[in-house]
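Everything below concerns the one structure shown next.
The values are calculated or read from the model by the stated rules, or taken from the named source; none is laboratory data. The structure presented is a predicted model; accordingly, all values stated were derived computationally and were not measured. Quick reminder, even Gly has a Cβ in these numbers, built from the backbone with ideal geometry, and neighbours come from all protein chains shown.
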Amino acid sequence: MIDLLKRKKNKNKKLVALIDGEHYPDVTHDAIKRLREVFSGEVVGIIFLGGTEKLIMDDPDSYFGEELFVIKDLGQDFIRALDYFKPDIAYDLSDEPVVNYKIRMKIASYCLSKNCSYMGPDFLFEHTCKSLKITKPSISIIGTGKRIGKTAISSYMSSIFTNKGIDVAIMAMGRGGPKEPQVIKGQDIDITPDFLLDLNSRGFHASSDYMEDALMSRVTTVGCRRCGGGFGGRIFLTNIRKGIKAMEKINPDLAFVEGSGASIPDVAADAIICVIGAGQNWENIIGYLGLYRILIADMVIITMCEEPLADREKVNFISNEVKKLNPSASVFCSVFRPLPLKDISGKKVFIAMTAKHGIEKGIREYIEKNQDCKVAHISFNLSNRKLLRRDLEEAKDYDTILTELKAASVDVVTDYAFKRNKDIVYMNNIPVIENGTFEKELLKLYERIKG
């Protein structure tokens, strides 16, 4: 890591040292001296993280030769310290027991949210400025994990804007996205099962996110791909640069840029909406740079806010904690409700989903009540092809398959329906958002970024 500090590109950068009071002052003094020697930029200050066992001097600023900012409460003070010093790099010279692994991940989140890299003797969370920009107003939709409803949220929000006469286009990147970005004009193309099977036969992942967006929202979408996802959401391989060129040709009033899983598109969007699944473990959300995603968000949408995924106590806890972490972000709680894209009244239905098995009773009752049909079987194995095929073969007495457009919905489910003379109907997941001000806040966000 010493070599990284010596890099020529650090010449005009600023560094702060993070220290604790558990090290003897003379040791910390020499470590900071070593930092000054090897860092090619400027050491501008010290952030004191706590610990008093070996902190024995009366005037630490003079002793260390740098201005010192004392942290009393990490959550309240650390970002203030970063705002004060405005460093490009925070180098951590602290250790247990003052700073453990969980605290280090929080520090990494705070640093990245302030465009600051976070380094230590054997680690680097490097902040890099997002190099890609869309000339039209843009909103990035990111998440703290997979299968929490980013695509459904994106489609729903696009319908809000299109109903107001605002032309929206969506760029999505997925693990199964196309090698060359694909443009689908959802408002013009009839996305039928035959159309999707044809795409599949030509080697495309026909249920990729951009296809789901086009089918559900009926707007123009751009399909991209990605591989890999770091703690802070960085991607190893993506063709999103070409995707932006395609988006520029579309020239929408507003561009949505969807993340994939917990990865974050390398696009300098004008606003960020973060989606959190209420069923996720809170420690996992904030412990692995999910906190970073919350800190950079202009709006947070918590999805699946109902039992058995999450009880009201947990939903309230997540909502309140998010508001504490990012008071400037508006926070909304939501649930999803399935909506078939065709009439299935009077049908005997096999449902294929990616959701968890615990919601079976609620889904069955909701579909039967609102669609006037009979649910013969529900499979939650849409992302497990082997088990999904077993479920399709073992289920009896149904004439229609209702499926989300995800995972194996085309190459397995649609193909099976065609070969067995079953009707195939695709299903949208509609967000029902508790707070009635969501549409107002979303349109206000657009007006702000539109300038």
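Every residue, every condition in (1) within 20 Å of residue 206 (Cα to Cα); (2) surrounded by fewer than 19 Cβ atoms within 10 Å (Cβ to Cβ); (3) in the same structural domain as residue 148 (by TED's automatic domain parsing), yes or no:
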position	(1), (2), (3)
343	no, yes, no
374	no, yes, no
382	yes, no, no
415	yes, yes, no
Any idea which of (1) at pLDDT 95 or above; (2) hydrophobic (A, V, I, L, M, F, W, C); (3) assigned to a loop (DSSP other than H, G, I, E, B) is the one residue 79 doesn't satisfy? (3)
Could you grab the pairs with beta carbons closer than 9 Å, sequence gap of 6+ or different chains, first residue in the range 195-217 and under 16 Å from residue 261 (Cα atoms) and part of a helix (DSSP H, G or I), second one at pLDDT 95 or above and aromatic (Phe, Trp, Tyr)? 212/426; 213/256
Restricting to the range 169-194, what's the tally of residues that are among the acidic types (Asp, Glu) and not in a loop (DSSP other than H, G, I, E, B)? 1
Taking the stated definitions as given, is residue 84 in contact with a His (Cβ under 9 Å, 6 or more places away or on another chain) and surrounded by 14 or more Cβ atoms within 10 Å (Cβ to Cβ)? no
Checked 405, 387 against criteria (among the hydrophobic types (A, V, I, L, M, F, W, C) and without any contact (Cβ under 8 Å) to a residue 40 or more places away in the chain); the one match is 387
The lone exception for residue 394 - which of (1) of a type outside the set (Phe, Trp, Tyr); (2) surrounded by fewer than 15 Cβ atoms within 10 Å (Cβ to Cβ); (3) touching a helix residue (DSSP H, G or I) at 6+ places or on another chain (Cβ under 6 Å) it fails: (3)
Meets criteria (under 15 Å from the mean Cα position of the chain (by Cα), more than 25 Å from residue 405 (Cβ to Cβ), in the same structural domain as residue 178 (by TED's automatic domain parsing) and at pLDDT 95 or above) for residue 312: no
Would the range 240-253 turn up any residue that is assigned to a strand (DSSP E or B) and either more than 16 Å from the chain's Cα centre (by Cα) or touching a residue at least 40 places away in the same chain (Cβ under 8 Å) (or both)? no
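Every residue, every condition in (1) under 21 Å from residue 275 (Cβ atoms); (2) of a type in the set (Asp, Glu); (3) outside any helix (DSSP H, G or I), yes or no:
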| site | (1), (2), (3) |
| --- | --- |
| 383 | yes, no, yes |
| 387 | no, no, no |
| 390 | no, no, no |
| 401 | no, no, yes |
| 407 | yes, no, yes |
| 411 | no, yes, no |
| 428 | yes, no, yes |
| 439 | yes, yes, no |
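Mind listing just one residue for me: the one in the range 93-112 that is among the β-branched types (Val, Ile, Thr) and either more than 18 Å from residue 31 (Cα to Cα) or without any contact (Cβ under 8 Å) to a residue 40 or more places away in the chain (or both) and, of those, surrounded by the fewest Cβ atoms within 10 Å (Cβ to Cβ)? Even if it seems obvious, please write down each step before you answer.
Here is the first cut: in the range 93-112, the residues among the β-branched types (Val, Ile, Thr) are 98-99, 103, 107.
Pick out the ones that are also either more than 18 Å from residue 31 (Cα to Cα) or without any contact (Cβ under 8 Å) to a residue 40 or more places away in the chain (or both) and you get 103, 107.
Values: 103: 16, 107: 24.
Ranking the candidates gives 103 first.
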Sole exception among (1) over 15 Å from residue 20 (Cβ atoms); (2) of a type outside the set (S, T, N, Q); (3) touching a helix residue (DSSP H, G or I) at 6+ places or on another chain (Cβ under 7 Å) for residue 123, by number: (3)
Give me the pairs: first residue in the range 113-131 and farther than 19 Å from residue 103 by Cα, second residue modelled with pLDDT under 95, beta-carbon distance under 6 Å, and six or more apart or on different chains, which are they? 130/266
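Look through the range 288-330, keep the residues that are in contact with a helix residue (DSSP H, G or I) (Cβ under 9 Å, 6 or more places away or on another chain) and among the hydroxyl-bearing types (Ser, Thr, Tyr), and return whichever of them is farthest from residue 140 (Cα to Cα). Before you say what the answer is, go through the steps one by one.
Residues of the range 288-330 in contact with a helix residue (DSSP H, G or I) (Cβ under 9 Å, 6 or more places away or on another chain): 288-310, 314, 317-318, 321-322, 324-326, 329-330.
With the extra rule that they be among the hydroxyl-bearing types (Ser, Thr, Tyr), the set shrinks to 288, 292, 303, 330.
Values: 288: 20, 292: 15, 303: 17, 330: 15 Å.
My answer is 288.
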Restricting attention to the range 345-361, which residues are surrounded by fewer than 21 Cβ atoms within 10 Å (Cβ to Cβ), over 27 Å from the mean Cα position of the chain (by Cα) and assigned to a loop (DSSP other than H, G, I, E, B)? 345, 346
Search result, residues across the range 156-174 that are closer than 30 Å to residue 237 by Cβ, modelled with pLDDT of 95 or more and in contact with a helix residue (DSSP H, G or I) (Cβ under 7 Å, 6 or more places away or on another chain): 157, 158, 168, 169, 170, 171, 172
Residues located in the range 58-115, provided they are more than 13 Å from residue 17 (Cα to Cα) and of a type in the set (Gly, Ala, Ser): 62, 75, 108, 109, 113
Limited to the range 286-311, what total is found for residues that are more than 19 Å from residue 152 (Cβ to Cβ) and not in a loop (DSSP other than H, G, I, E, B)? 7
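Residue by residue, here is whether (1) at pLDDT 95 or above; (2) closer than 27 Å to residue 100 by Cα; (3) assigned to a helix (DSSP H, G or I); (4) hydroxyl-bearing (Ser, Thr, Tyr) holds:
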position: 15; (1), (2), (3), (4): yes, yes, no, no
position: 18; (1), (2), (3), (4): yes, yes, no, no
position: 23; (1), (2), (3), (4): no, yes, no, no
position: 28; (1), (2), (3), (4): no, yes, yes, yes
position: 36; (1), (2), (3), (4): no, yes, yes, no
position: 40; (1), (2), (3), (4): no, no, no, yes
position: 44; (1), (2), (3), (4): yes, yes, no, no
State all residues of the range 179-238 that are surrounded by 14 or more Cβ atoms within 10 Å (Cβ to Cβ) and β-branched (Val, Ile, Thr); if no residue qualifies, say none. 183, 184, 191, 219, 220, 221, 222, 235, 238
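Could you count how many residues in the range 254-273 are under 14 Å from the mean Cα position of the chain (by Cα), in a strand (DSSP E or B), of a type in the set (Gly, Ala, Ser) and closer than 17 Å to residue 449 by Cα? It would help to see each step written out before you state the result.
Of all residues in the range 254-273, those under 14 Å from the mean Cα position of the chain (by Cα) come to 256-267, 269, 271-273.
With in a strand (DSSP E or B) added as a condition, the list becomes 256-258, 260, 263, 267, 271-273.
Narrowing further to those that are of a type in the set (Gly, Ala, Ser): 260, 263, 271.
Next cut, closer than 17 Å to residue 449 by Cα only: 271.
Qualifying residue count, the range 254-273: 1.
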